[in-house]
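The values are calculated or read from the model by the stated rules, or taken from the named source; none is laboratory data. Model, not experiment: these values are computed from the prediction. Cβ coordinates were reconstructed from backbone atoms using ideal geometry, including for glycine residues, and neighbour counts include every protein chain displayed. Ligands, DNA and RNA are stripped out before the accessible areas are found, and what is left, the full protein with its side chains, is counted by its heavy atoms. Shrake-Rupley method; radii C 1.70, N 1.55, O 1.52, S 1.80 Å.
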Amino acid sequence: MTTPRALRPVGILGTGHYVPEKVLSNFDLEKLVDTSDEWIFARTGMRERRIAAPEEATSDLCIQAGRRALENAGVDPEEIGLIIVATVTPDHLVPATACIVQNELGCTNAGAFDLEAACSGFVTNLSVAQGMIANGTIDKALIIGGECMSRILDYEDRASCILFGDGAGAAVIGADAPRGRVIESFLGADGSGGHTMRVHAGGSRRPVDQDALAERMNYLRIKGNEVFKFAVSTFRTLMEKQMRDHDFGPDDLGLVVPHQVNYRIIESALKKLEVPEEKIFINLEKYGNTSGASVGIALDEAIREGRVVEGKFLSLIAFGAGLTWSSALLRW
Ligand code: COA
C-alpha cells in the first residue's frame, strides 16, 4: 500500500519526547531474572531503559511529549485537527488514550483515535496523518507514539523483559511546513507472523480470568530468533525500496532513524546496505525498545542534537508485531 500522491506538501513543524524518570539498568535486571549486564549489552546494545511510575499511565507520557512538540512547533492546541496515539499499552481498552490526551492538551478542534501497529506505530501515524493533511481534510495533526511496556512485561521471563522500556515521542505535522517534507510513506503487514509477538489474554479471544493470570497469559511473549530474522530483512528491504524508488545512494542520505529494536539487528541490516553507521541514529542504549514510541523519541533527539542534515534525505524505518512495517522518506 503506497500513500497517494500528496495534494498539499506536508512536513514536520515540531517534535517532542518524554521518558519517565525511573531508570531500570541491566544490573537491576540481574536481580530479577537469570541474566547479566554483559549478556544483555552484547546481544542487544542496551544498557538501561525507563519505567513509568506506578501512578503514570501511557496518556501521561503522551501528554508531556505532545506538549513539548506543540511548544517546539509554536502551534496552539486549538490549531490541531487530529490526534493519533500509537500504542499497544493504552490507558484503558475504552476510551481511546488519544481522547484523554486531546482533553488534557486542550485540543478542542481535534478528532482523536488510537492506532495499533506495535513498533511500527509512530511511522504509521505519520503516514495516516500525512494523507489527511495532503488531501485537505485537516491542516495540522499531533502524532504520538506512547507506551508503558513495563505493564505488559513478565519480569520472570528473561527472553522478553530485558528488551523494552517506557516513553513517548510526538510530532506536529502540517501543510506547507518549511522543513521535514514527507516525500513518501509506505505501509505493509503479514498477519501470518502474528504468533511471534503476542499478549495471549486480555482481548476478546481470551479475556483475562483466573486461569489466564495463573498462566501469566496477560504478558507479552516473543519468539526472539524469528523476530530477529524478520527485522533484519525488513529493515534492509525498506531502505533498498526508498533508495530504488527515489534513485539515491548512501551519499544523499542525511540520517536514518530506525526503530530502536536491537543494535545487532541494525548492524546486520547495514552490512549489505553500504550505509555508514554514523548515518544511523541509535539511542537504544538508554531507552531499550519503546515499541510505538521508539522512532518518535529517536527523531526528536536526533533533531535536537543537530544530527538531521539540511537538504538531505531523512529516512524513518519501523517494523514490529503484527507483523507490521512502515517507512517514511523526508527531505530536511
Ligand atoms: N540473559 C541471558 N541469557 C539469555 C537471555 C537473557 N536475558 N535471554 C535468552 N538467553 C539465553 C537463551 O535461553 C539461550 O540459551 P541456550 O542457548 O542455552 O538455549 C541463549 O541465551 C541464546 O538465545 P537466543 O535467543 O538465541 O539469543 P539471541 O542472540 O537471538 O538474542 C534476543 C536474543 C531476544 C536479544 C534477539 O533474538 C532479539 O533481539 N530478537 C528480537 C527481539 C524482539 O522481538 N523485539 C521486538 C520486535 S519489534
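Cβ-Cβ below 8 Å, separation at least six or inter-chain, first residue in the stretch 72-83 and over 7 Å from Ala141 (Cβ atoms) and polar (S, T, N, Q), second open to solvent by less than 10 Å² (accessible area, probe 1.4 Å) and assigned to a strand (DSSP E or B): which pairs?
What qualifies is Asn72/Gly14; Asn72/Thr15; Asn72/Gly16; Asn72/Val172.
Within the stretch 163-195, track down each residue that is in a loop (DSSP other than H, G, I, E, B) and under 18 Å from the mean Cα position of the chain (by Cα). Steps first, answer last, please.
Our first condition is that a residue be in a loop (DSSP other than H, G, I, E, B); within the stretch 163-195, this holds for 163, 165-166, 176-180, 190.
Matches in the stretch 163-195: Leu163, Gly165, Asp166, Gly180.
Would you pick out the residues in the stretch 121-164 that are under 24 Å from Ile40 (Cβ atoms), among the small types (Gly, Ala, Ser) and within 12 Å of the ligand (Cβ to nearest atom)?
Ala159, Ser160
When the residues of the stretch 196-255 are narrowed to those that are part of a helix (DSSP H, G or I) and among the aromatic types (Phe, Trp, Tyr), which ends up farthest from the ligand (Cβ to nearest atom)? Show your work before the answer.
To start, the set of residues in the stretch 196-255 that are part of a helix (DSSP H, G or I) comprises 196, 210-214, 224-245, 250-252.
Now narrow it down to the ones that are among the aromatic types (Phe, Trp, Tyr): 228, 230, 235.
Values: Phe228: 4, Phe230: 8, Phe235: 11 Å.
Here the answer is Phe235.
Given Cys107, Cys119, which one is touching a strand residue (DSSP E or B) at 6+ places or on another chain (Cβ under 8 Å), at pLDDT 95 or above, part of a loop (DSSP other than H, G, I, E, B) and surrounded by 23 or more Cβ atoms within 10 Å (Cβ to Cβ)? First the steps, then the outcome.
Numbers: Cys119 fails: part of a loop (DSSP other than H, G, I, E, B).
Every option except Cys107 fails the conditions.
Please find, within the stretch 269-282, the residue that is surrounded by the fewest Cβ atoms within 10 Å (Cβ to Cβ) out of those that are at pLDDT below 95 and among the hydrophobic types (A, V, I, L, M, F, W, C).
The extreme case among them is Leu273.
Among the residues in the stretch 283-295, are any in the same structural domain as Lys241 (by TED's automatic domain parsing), open to solvent by 10 Å² or more (accessible area, probe 1.4 Å), hydroxyl-bearing (Ser, Thr, Tyr) and within 16 Å of the ligand (Cβ to nearest atom)?
Scanning the stretch 283-295 turns up at least one residue that is in the same structural domain as Lys241 (by TED's automatic domain parsing), open to solvent by 10 Å² or more (accessible area, probe 1.4 Å), hydroxyl-bearing (Ser, Thr, Tyr) and within 16 Å of the ligand (Cβ to nearest atom).
What residue, among those in the stretch 234-268 that are in contact with a Pro (Cβ under 8 Å, 6 or more places away or on another chain) and open to solvent by less than 10 Å² (accessible area, probe 1.4 Å), is farthest from Phe27 (Cα to Cα)?
Phe235
Hey, among the residues in the stretch 178-195 that are within 14 Å of the ligand (Cβ to nearest atom) and open to solvent by 70 Å² or more (accessible area, probe 1.4 Å), which one's farthest from Phe319 (Cα to Cα)?
Step one: of the stretch 178-195, the residues within 14 Å of the ligand (Cβ to nearest atom) are 189-190, 193-195.
From the residues that got through so far, the ones that are open to solvent by 70 Å² or more (accessible area, probe 1.4 Å) too are 189, 195.
Details: Ala189: 9, His195: 15 Å.
It comes out as His195.
Checking Gln210 against (1) of a type outside the set (D, E, K, R); (2) open to solvent by less than 20 Å² (accessible area, probe 1.4 Å); (3) not assigned by TED's automatic domain parsing to the domain that holds Val128, only one condition comes out false. Which one?
Of (1) of a type outside the set (D, E, K, R); (2) open to solvent by less than 20 Å² (accessible area, probe 1.4 Å); (3) not assigned by TED's automatic domain parsing to the domain that holds Val128, only one is false for Gln210: (2).
When the stretch 297-314 is examined, which residues are found to be in a helix (DSSP H, G or I) and surrounded by 17 or more Cβ atoms within 10 Å (Cβ to Cβ)?
Taking the stretch 297-314 and keeping what is in a helix (DSSP H, G or I), we get 297-304.
Ile297, Ala298, Leu299, Asp300, Glu301, Ala302, Ile303, listed by residue number.
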